[in-house]
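Novice: Just passing along the structure, written as structure tokens.
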Amino acid sequence: MGDRCLSALIEIERLTKRFGGFTAVDDVSFTVGRGEVLGFLGPNGAGKSTTMRMLAGFMPPTSGTARICGADVVDQPVAAKRNLGFLPEGAPTYPEMTVTGFLAFAGRIRGFKGSELDDRVAHAMLLTQLEGVRLQPIETLSKGFKRRVGLAQALLHDPPVLVLDEPTDGLDPNQKHEVRALIRRMAPEKAIIISTHILEEVGAVCTRAIIIANGRVVVDAPPSVLEEQGRSLDEVFRRLTLGATAEAA
Amino acid sequence: MAPALIVARRELAGYFATPVAYVFIVIFLVLAGALTFAMGNFFSRGQADLQPFFAFVPWLFLFLVPALTMRLWAEERRLGTIELLLTLPLPQWQAVVGKFLAAWAFCGIALALTFPLWITVNLLGRPDNGVIVSGYLGCLMVAGAYLALGAAVSAMTKNQVIAFVLAVALCFLFAAAGSPVVTDFLSTRLPVLAEVARAISVSDRFGSFTRGIIAARDLVYFASFIGFFLFLNAVVLDHRKAD
């Protein structure tokens with residue numbers, strides 16, 4: 001399915017979302033090409049999840065649009081979603097299902113059947129180290145396992161575009177390390193967006209960072225360039241996001 | 001397999017993985033049995049048919065079906081799985097239809113489990129089994145209508161209590177619309193509305209099914225009832241899924 005994809009796999013064009021009088025995402029535009037891992041940063045409530053939800057076709061934009069592999073998320077939602085692996089915020093899963101059952105459900109919706117379905121599910125569990133709990137109901141799993149079940153669901157169909165909302169939240173340091181290694185391994189073939197609060201993660205896996213504050217992009221640069229602007233990423237992040245808040249107020 | 005059927009299969013398995021299914025079925029069977037035998041004079045009527053049973057089913061569904069539908073979308077919202085389900089590559093209406101089909105199949109299972117009543121009348125007498133089949137079909141139609149209505153209400157509100165009360169009230173409106181109390185009242189004051197009330201009434205249509213009449217216009221009525229509320233459900237969901 002990757003053949004048709006252009007070099008810019010994710011195109012976001014003047015995306016805006018208003019809730020009543022409140023503008024959550026304000027005229028955001030950027031593109032992400034194959035091989036890029038984009039770190040999406042910002043304080044809570046800055047519009048990260050809202051942007052990701054619009055990109056995933058869950059929330060209709062007030063204006064502007066987004067395209068995944070050339071398919072418009074508003075006009076051709078099913079085509080766009082086929083090329084997308086999405087981990088929603090909080091990694092929601094059906095608690096009463098087993099890990100295998102849940103992944104097989106996602107696989108069937110994506111059109112896999114028979115032995116191919118079994119292979120896909122097995123491979124996704126291998127990537128996210130879930131084999132040990134494959135037949136356990138998801139509700140009995142720890143937070144880190146649940147997150148990895150959500151991640152496995154996003155990777156199941158080997159999509160060219162991955163949108164992961166806080167993929168390492170709730171994982172222990174070893175698991176974080178594993179997930180970052182996994183993202184780095186997949187990076188050359190895919191366009192990946194990850195949102196995170198953890199700034200060290202940006203340096204560890206991202207080739208590019210976007211900082212968003214009050215719904216606007218305030219910085220779009222490689223992490224190394226960002227670090228040069230101050231003593232640390234932390235300091236740069238604070239200066240940029242607090243500055244933007246003060247400006248808006 | 002169509003995405004709607006995959007969704008339906010997952011949903012139906014979900015019912016049986018939680019106590020919801022068992023509580024629903026047990027309560028339905030106990031109430032259906034108790035009402036049929038105690039209040040319906042099943043034996044002392046001396047007639048080999050299931051009329052006493054069919055008389056109570058729509059009223060049982062009036063409360064039990066909204067209990068089933070109140071969690072339909074609210075639960076997906078609470079768990080956040082709505083975001084997962086609606087970002088999988090399936091048209092949104094397929095998700096709506098899938099959830100409805102699962103709930104409908106579940107009601108079908110609950111109805112099928114009343115088979116001892118059917119065996120009883122066949123042992124005791126020689127009932128017209130055609131009328132019984134038609135009556136069961138009518139029950140299924142009423143369940144479908146209430147389910148579609150309840151599912152649409154559930155898409156409107158996050159609050160399960162509101163979804164339940166509102167669905168019961170609306171179902172009651174359609175159940176009571178054809179009753180003499182309502183139509184007599186309306187025909188003396190607003191004759192135009194009396195006709196409308198009779199036309200939209202679920203119980204009138206159900207009545208002909210229990211008499212063994214499967215009329216095309218009744219089937220069309222239930223099909224358009226279900227179709228309309230599923231459409232409404234999809235529209236509401238599109239606007240409120242992210243709330």
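The values are calculated or read from the model by the stated rules, or taken from the named source; none is laboratory data. None of the values given here were measured: they were computed from a predicted structure. Here Cβ is always computed from backbone atoms with ideal geometry, including for glycine, and neighbour counts include all displayed protein chains.
Novice: In the list B:Val192, B:Val161, B:Val142, which residue meets the criterion of being surrounded by 21 or more Cβ atoms within 10 Å (Cβ to Cβ) and not polar (S, T, N, Q)? Can you show your working first?
Specialist: Working: B:Val192 fails: surrounded by 21 or more Cβ atoms within 10 Å (Cβ to Cβ); B:Val161 fails: surrounded by 21 or more Cβ atoms within 10 Å (Cβ to Cβ).
Residue meeting the stated conditions: B:Val142.
Novice: Let me spell it out: the conditions are (1) in contact with a Pro (Cβ under 7 Å, 6 or more places away or on another chain); (2) more than 14 Å from every other protein chain (Cβ to nearest Cβ); (3) surrounded by fewer than 17 Cβ atoms within 10 Å (Cβ to Cβ), and B:Gly125 meets all of them except one. Which number is the exception?
Specialist: (1)
Novice: Return the only residue of A:Arg110, A:Arg120 being touching a helix residue (DSSP H, G or I) at 6+ places or on another chain (Cβ under 9 Å), more than 17 Å from A:Ile10 (Cβ to Cβ), among the basic types (Lys, Arg) and away from every other protein chain (no Cβ under 12 Å).
Specialist: After ruling out the rest, the residue left standing is A:Arg120.
Novice: Here is a follow-up. What number of residues in the range B:25-62 are part of a loop (DSSP other than H, G, I, E, B), under 17 Å from B:Phe115 (Cβ atoms) and in contact with a helix residue (DSSP H, G or I) (Cβ under 6 Å, 6 or more places away or on another chain)?
Specialist: Summing the residues that are part of a loop (DSSP other than H, G, I, E, B), under 17 Å from B:Phe115 (Cβ atoms) and in contact with a helix residue (DSSP H, G or I) (Cβ under 6 Å, 6 or more places away or on another chain) in the range B:25-62 gives 3.
Novice: Could you pull out the residue among B:Ile226, B:Ile214 that is among the β-branched types (Val, Ile, Thr) and within 13 Å of the chain's Cα centre (by Cα)?
Specialist: Details: B:Ile214 fails: within 13 Å of the chain's Cα centre (by Cα).
Only one candidate qualifies: B:Ile226.
Novice: Suppose the filter is within 14 Å of A:Leu151 (Cα to Cα), surrounded by fewer than 17 Cβ atoms within 10 Å (Cβ to Cβ), hydrophobic (A, V, I, L, M, F, W, C) and free of Cβ contacts under 8 Å to residues at least 60 places away in the same chain; does A:Ala181 pass it?
Specialist: Yes: the conditions hold for A:Ala181.
Novice: Next question. With (1) at pLDDT 95 or above; (2) buried (at least 20 other Cβ atoms within 10 Å of the Cβ); (3) farther than 27 Å from B:Leu170 by Cβ as the list, and B:Leu5 as the residue in question, which single condition is left unmet?
Specialist: (2)
Novice: I would also like to ask the following. Among the residues of the range B:70-82, how many are surrounded by fewer than 19 Cβ atoms within 10 Å (Cβ to Cβ) and either facing chain A (nearest Cβ under 9 Å) or farther than 18 Å from A:Glu89 by Cα (or both)?
Specialist: 4
Novice: Can you tell me which residues in the range B:88-116 are within 14 Å of chain A (Cβ to nearest Cβ) and part of a loop (DSSP other than H, G, I, E, B)?
Specialist: B:Leu88, B:Pro89, B:Leu90, B:Pro91
Novice: Among the residues of the range A:179-192, are any closer than 24 Å to A:Tyr94 by Cβ and either of a type in the set (A, V, I, L, M, F, W, C) or more than 14 Å from chain B (Cβ to nearest Cβ) (or both)?
Specialist: Checking the range A:179-192: at least one residue is closer than 24 Å to A:Tyr94 by Cβ and either of a type in the set (A, V, I, L, M, F, W, C) or more than 14 Å from chain B (Cβ to nearest Cβ) (or both).
Novice: Another question, then. Across the range A:195-238, which residue is surrounded by the most Cβ atoms within 10 Å (Cβ to Cβ) among those that are among the basic types (Lys, Arg) and modelled with pLDDT of 80 or more?
Specialist: Applying the filter and picking the extreme gives A:Arg208.
Novice: A follow-up question, please. What's the number of the condition B:Val65 fails, among (1) in a helix (DSSP H, G or I); (2) more than 15 Å from B:Ala167 (Cβ to Cβ)?
Specialist: (2)
Novice: Assess whether B:Ile119 counts as being within 14 Å of chain A (Cβ to nearest Cβ) and at pLDDT below 95. Outline the logic, then answer.
Specialist: Working: within 14 Å of chain A (Cβ to nearest Cβ): no; at pLDDT below 95: yes.
Against the criterion (within 14 Å of chain A (Cβ to nearest Cβ) and at pLDDT below 95), B:Ile119 does not qualify.
Novice: Buried (at least 16 other Cβ atoms within 10 Å of the Cβ) and away from chain A (no Cβ under 14 Å), is that true of B:Leu85?
Specialist: no
Novice: Let me ask another. Just checking, which of A:Val133, A:Val163 is in contact with a Phe, Trp or Tyr (Cβ under 7 Å, 6 or more places away or on another chain), surrounded by 17 or more Cβ atoms within 10 Å (Cβ to Cβ) and within 12 Å of chain B (Cβ to nearest Cβ)?
Specialist: A:Val163
Novice: Condition test on B:Leu147, is it crowded, with 20+ Cβ neighbours inside 10 Å and within 21 Å of B:Tyr22 (Cα to Cα)? Don't jump to the end; show me each part of the working.
Specialist: Details: crowded, with 20+ Cβ neighbours inside 10 Å: yes; within 21 Å of B:Tyr22 (Cα to Cα): yes.
Yes, satisfied.
Novice: Also, quick follow-up: Which one of B:Ala155, B:Ala223 is touching a residue at least 60 places away in the same chain (Cβ under 8 Å) and closer than 20 Å to B:Trp104 by Cα?
Specialist: Working: B:Ala223 fails: touching a residue at least 60 places away in the same chain (Cβ under 8 Å).
Result: B:Ala155 is the single residue among B:Ala155, B:Ala223 that is touching a residue at least 60 places away in the same chain (Cβ under 8 Å) and closer than 20 Å to B:Trp104 by Cα.
Novice: Out of curiosity, is A:Arg180 closer than 28 Å to A:Gly111 by Cα and of a type in the set (Lys, Arg)?
Specialist: no
Novice: Answer with yes or no whether A:Val149 is facing chain B (nearest Cβ under 9 Å), of a type in the set (Val, Ile, Thr) and either over 25 Å from B:Gln92 (Cα atoms) or part of a helix (DSSP H, G or I) (or both).
Specialist: The answer is no for A:Val149.
Novice: From B:Ala67, B:Ala2, B:Ala21, which residue is small (Gly, Ala, Ser), within 14 Å of chain A (Cβ to nearest Cβ) and within 22 Å of B:Ile226 (Cα to Cα)?
Specialist: Residue meeting the stated conditions: B:Ala2.
Novice: Oh, and also: Quick check on my filter: what residues within the range A:26-51 are in contact with a Pro (Cβ under 8 Å, 6 or more places away or on another chain) and either crowded, with 16+ Cβ neighbours inside 10 Å or among the β-branched types (Val, Ile, Thr) (or both)?
Specialist: Once the filter is applied, which keeps residues that are in contact with a Pro (Cβ under 8 Å, 6 or more places away or on another chain) and either crowded, with 16+ Cβ neighbours inside 10 Å or among the β-branched types (Val, Ile, Thr) (or both), the range A:26-51 yields A:Arg34, A:Gly39.
Novice: Need the failing condition index for A:Leu151 against (1) of a type in the set (A, V, I, L, M, F, W, C); (2) touching a residue at least 12 places away in the same chain (Cβ under 8 Å); (3) more than 30 Å from A:Pro95 (Cα to Cα), just the number.
Specialist: Answer for A:Leu151: the failing condition is (3).
Novice: Follow-up question, since we're still on this one. So if I check each of A:Thr62, A:Thr16, which one is in contact with a Lys or Arg (Cβ under 8 Å, 6 or more places away or on another chain) and surrounded by fewer than 24 Cβ atoms within 10 Å (Cβ to Cβ)?
Specialist: Of the residues listed, the single one that is in contact with a Lys or Arg (Cβ under 8 Å, 6 or more places away or on another chain) and surrounded by fewer than 24 Cβ atoms within 10 Å (Cβ to Cβ) is A:Thr62.
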